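Remarks on the structure that follows.
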């Protein structure tokens, strides 16, 4: 799928998107996606498509990673997309805060909505964070 370059300010769109994730506000996150938007956490399962599927998947992310947070490493903008190099942080009850290196590729439509989000994990770190189990 080729997404047209946005005429909007990508840094401003990204800032709003990150704020919704920081707030753990699933409805606000989903509202920033197109109705047919796609998300895939590579290695964790198949892609999901559409706002209702996204709502369910993003709620699951917050359940899977309690105290979800992120630390930005790099943020790179291109024509109609951004790439976020980040660390997912979370803390399960009774455990130390964990961090897992991730990379997001996010495509944005000319209307300023997310059309596709792909997340890639450092699986060695993810496995260690879950005590050798799978996430």
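A compact table of results
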item: Residue among 24, 116, 44, 55 that is at positive phi and within 14 Å of the chain's Cα centre (by Cα); result: 24
item: Test for residue 63: is it surrounded by fewer than 16 Cβ atoms within 10 Å (Cβ to Cβ) and in contact (Cβ under 8 Å) with a residue 40 or more places away in the chain; result: no
item: Hey, residue 129 surrounded by fewer than 15 Cβ atoms within 10 Å (Cβ to Cβ) and either in contact (Cβ under 8 Å) with a residue 12 or more places away in the chain or over 20 Å from residue 8 (Cα atoms) (or both) or not; result: no
item: Residue, surrounded by the fewest Cβ atoms within 10 Å (Cβ to Cβ), within the stretch 76-95, restricted to residues that are part of a strand (DSSP E or B) and free of Cβ contacts under 8 Å to residues at least 12 places away in the same chain; result: 76
item: Residues located in the stretch 56-71, provided they are more than 19 Å from residue 28 (Cβ to Cβ) and in a strand (DSSP E or B); result: 71
item: Those residues of the stretch 91-117 which are farther than 23 Å from residue 11 by Cβ and in contact with a helix residue (DSSP H, G or I) (Cβ under 8 Å, 6 or more places away or on another chain), in sequence order; result: 98, 99, 100
item: Scope the stretch 29-65; condition closer than 18 Å to residue 121 by Cβ, touching a strand residue (DSSP E or B) at 6+ places or on another chain (Cβ under 7 Å) and modelled with pLDDT of 95 or more; matching residues; result: 38, 39, 40, 47, 48, 57
item: Which numbered condition residue 107 misses (of (1) in a strand (DSSP E or B); (2) modelled with pLDDT under 95); result: (2)
item: Filter pass, residue 120 being within 24 Å of residue 10 (Cα to Cα), touching a helix residue (DSSP H, G or I) at 6+ places or on another chain (Cβ under 6 Å), in a strand (DSSP E or B) and at pLDDT 95 or above; result: no
item: Residues being over 15 Å from residue 111 (Cβ atoms), surrounded by 13 or more Cβ atoms within 10 Å (Cβ to Cβ) and either touching a helix residue (DSSP H, G or I) at 6+ places or on another chain (Cβ under 6 Å) or in contact (Cβ under 8 Å) with a residue 40 or more places away in the chain (or both) - total across the stretch 19-36; result: 7
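The values are calculated or read from the model by the stated rules, or taken from the named source; none is laboratory data. Nothing here was measured: the structure is a model prediction, and the numbers come from that model. Ideal geometry is used to build each Cβ from the backbone, glycine not excepted, and the neighbour counts take in all protein chains shown.
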